[in-house]
1. In segment 89-124, which residues are β-branched (Val, Ile, Thr) and either in a strand (DSSP E or B) or at positive phi (or both)?
2. Given the residues Pro547, Pro518, which is the only one that is touching a residue at least 60 places away in the same chain (Cβ under 8 Å), under 30 Å from Ala224 (Cβ atoms) and over 22 Å from the mean Cα position of the chain (by Cα)?
3. Mind listing just one residue for me: the one in segment 84-114 that is surrounded by fewer than 19 Cβ atoms within 10 Å (Cβ to Cβ) and acidic (Asp, Glu) and, of those, farthest from Pro298 (Cα to Cα)?
4. Restricting to segment 663-684, give me the number of residues that are free of Cβ contacts under 8 Å to residues at least 60 places away in the same chain and under 20 Å from Thr467 (Cα atoms).
5. Against the definition (in contact with a strand residue (DSSP E or B) (Cβ under 6 Å, 6 or more places away or on another chain) and not basic (Lys, Arg)), how does Glu115 come out, yes or no?
6. Would you mention how many residues in segment 232-248 are touching a strand residue (DSSP E or B) at 6+ places or on another chain (Cβ under 6 Å) and more than 17 Å from Leu536 (Cα to Cα)?
7. Name every residue in segment 522-565 that is among the β-branched types (Val, Ile, Thr) and out of contact with any Pro (no Cβ under 7 Å at 6 or more places or on another chain), in order of residue number.
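The values are calculated or read from the model by the stated rules, or taken from the named source; none is laboratory data. Note that the coordinates shown come from a computational prediction; the quantities given were computed from them, not determined experimentally. Cβ atoms come from the backbone with ideal geometry, glycine included; neighbour counts cover every protein chain shown.
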Amino acid sequence: MMTRKITWFTALALGLTPFTHAETPAVPSLQSAASTTAVAATVDLAPVAPAALPNVPVRDVAYTFAKIAPPPGTFALRGTNPEGVIEFGVRSDEVVTHAMLNLEFTPSPSLIPVESQVKVFLNDELMGVTAITKDQLGKPTRFQLPIDPLYISDFNRLRLVFVGHYQNICENPASNTLWLDISKSSSLDLRYQSLSVKNDLSHFPEPFFDARDNRPLNLPVVFAAAPDVAQQRAASILASWLGDKAQWRGQNYPVLYNQLPTQHAVVFATNTQRPDFLKDYPPVKAPTVEIISHPDNPYVKLLLILGRDDNDLIMAAQGIAQGNILFRGQNVTVDKVEQLAPRQPYDAPNWVRTDRPMTFAELQQYPDQLQTTGLLPPPISLSLNLPPDLFLIRSAGIDMRLKYRYTSTRLMDGSRLSISLNNQFVQDYPLSPNTPEDSKILRLPLLQGLQDSAKRLTIPALKLGATNQLRFDFDYSTLLASGAEGRCETYSTAPNHAVIDGNSTIDFSGYRHFMEMPDLRAFANAGFPFSRLADLSETLVLVPPKPAPSQLTTLLNTVGNIGAQVGYPAVGINITDDWSQAKDQDVDVLIIGTIPPELRDDQKINLLVDQTQSWVKMPNRQTGLPDMLAPASDRVADSKTTVSSEGAMSAIIGVQSPNFPQRSIVALLADSPHGYSLLNNALLDSGKREAVFGSVAVIRESGVNSLRVGDTYDVGHLPWWERIWHSLSTHPVLLAGVAVLVVVIAAMMAWRLLRLISRRRLSPDERD
């Protein structure tokens, strides 16, 4: 009996052991965060029991299909394409506690009730199914399905499957009566609960940026007061690095002066210049990066960029941008940052290399991007980001060596591989039943050509831009049903597989860099000309002496956009508030705020925003499309209008540098804080960025209006013979004049030659 009691007590003690090691959540203070011996009293990226933390922040979000579903936001499910997929993520510092799917769909009136169904899968787990009843046929129907949060992970895939039948025998899966349309008003309602996470930099950049969050990055940046240019440079380096992480999501960095933020934020502080909420923080002895909890909210984290002076802040920001994989613990000290090799022009990681052919494996952005599966396989797409100044005119072509494999067809039934560039059809090739592996040599030149015997393909390369999409469609013709009356044959449809070999290459090497400026479209979509060097080492930013928070937000957003476009932090950027120092430097200049008086020349500046007054010069003929090439005569201004108004407005202006003909100036102007808000929203919105082109873009509440006004200039290098051909091709009147001149000279030379021959024939010496 005693032995049994000892065994029971031993088991009880062992069972209670894990609970004795559990941490009790607590609210860390700034003082405890500063201590190196403090133990973080939180759970490492794990759910916290609501009973332990009764005031856990929660947020309810309704994701409509119009936002999270692939364009256009609706699903048209068919018999041969019965699936629709939605993907969403969950931040590492949050957990979903409640989920509800609200479906609104319209089924075909030809469906057989009950036998036709809609199935819902989450991460390949069946969540529920609804049978289509007779009353629902041909009518909008609402269906609500609870989703078990236990099946929700970091990255999630919600799959809707349509099971449709319209007759019991001799059914054709490709029949146009088999359809079910899901409305874009359908939604996925989620309740997020915040988690208390450790103050550990090993997870950095989480929670400040989380790749699982598809929303634009919104990260406040806090300074003690209006920062000097060195602190602005440190913040710009960090903003560009975070922009590279955010990529397509976009980013916004609201700037605060001596304010305690209410969300995850970054704080820049030195030992002598700190926000009030860090006055009692211990001084640092080296560039330091530290993560602490918000003094009023343990679920909010602050990233402290600390230093003895401004130079330490720059080194700390460089340490984040180039050495963050070494971060761990609550704080790290950046001892040294050394640039081993300078960046080369046009070597941005997000751009296609122009010094050698690139394989498709180097261009793919996620696993399995180069393969597709299905009865009607979805297309395979590749994105090609090119330098905007790549000179493709009069080129022989862009070579592409394509290798692909596919499920062989039963017959020569018309199955084919179709190739498109920027939604423009290029060419198709048949899929043979005997050779399920093939290769092609394609050429993508400027001028439209014909396919020759070597299967070289030509595409109008004028359609190439800074961002391009190459698409491969494997279009199968599959026998789905057949048979005579009274005799049916049923086929089990097998999925088709297709793969583009990763060793396929595309070659942009050997092309020169030359383009006509100003071109604000290149700035808005590729950060050009500043992105010519990915680290912005040949970029100088001119800011006001005492910048307002809205102006600094514009600076950080702009640099963040460039970082997202090139894929590299702006560690080489320079910032100044003195135009006298900037005007003599051989660099491209980005102006934030106001145009210096020395540049306010009516001959160059096409639009000026100065408080409530602005003036603009209108061209002789406006071009409404970014791709439209306007002749020089259309750019001549024929009117000038000056307007005074209290309404908000902003503008983007591009001009040539007055001292260096190969350098450009881009000015970001606004007349008020609300004007800067309009400017920042335009830079964040991809649709509005597409409307920016020409030499000046005016941004108002109604949208973006762009103009091509004034003279243009060339940036880059071309040999003299190519420059002649380029000038003649862009000036038809000059070409006609040169042609007439050549004809006259040739006629005169022929006439003189004939006269000389006739004289020799008729001379007395020749007669003898």
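1. Scanning segment 89-124 gives Val95, Val96, Thr97, Thr106, Val114, Val118, Val120.
2. Among Pro547, Pro518, only Pro547 is touching a residue at least 60 places away in the same chain (Cβ under 8 Å), under 30 Å from Ala224 (Cβ atoms) and over 22 Å from the mean Cα position of the chain (by Cα).
3. Glu104
4. 1
5. So Glu115 does not fit the description; no.
6. Of the residues in that region, 1 qualify.
7. Correct list: Thr539, Val541, Val543, Thr554, Thr558, Val559, Ile562.
Quick grid of which residues meet (1) in a helix (DSSP H, G or I); (2) touching a residue at least 24 places away in the same chain (Cβ under 8 Å); (3) within 26 Å of Ile605 (Cα to Cα); (4) aliphatic (A, V, I, L, M):
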site: Asn503; (1), (2), (3), (4): no, yes, no, no
site: Tyr511; (1), (2), (3), (4): no, yes, no, no
site: Phe514; (1), (2), (3), (4): no, yes, yes, no
site: Ala522; (1), (2), (3), (4): yes, yes, yes, yes
site: Ser531; (1), (2), (3), (4): yes, yes, yes, no
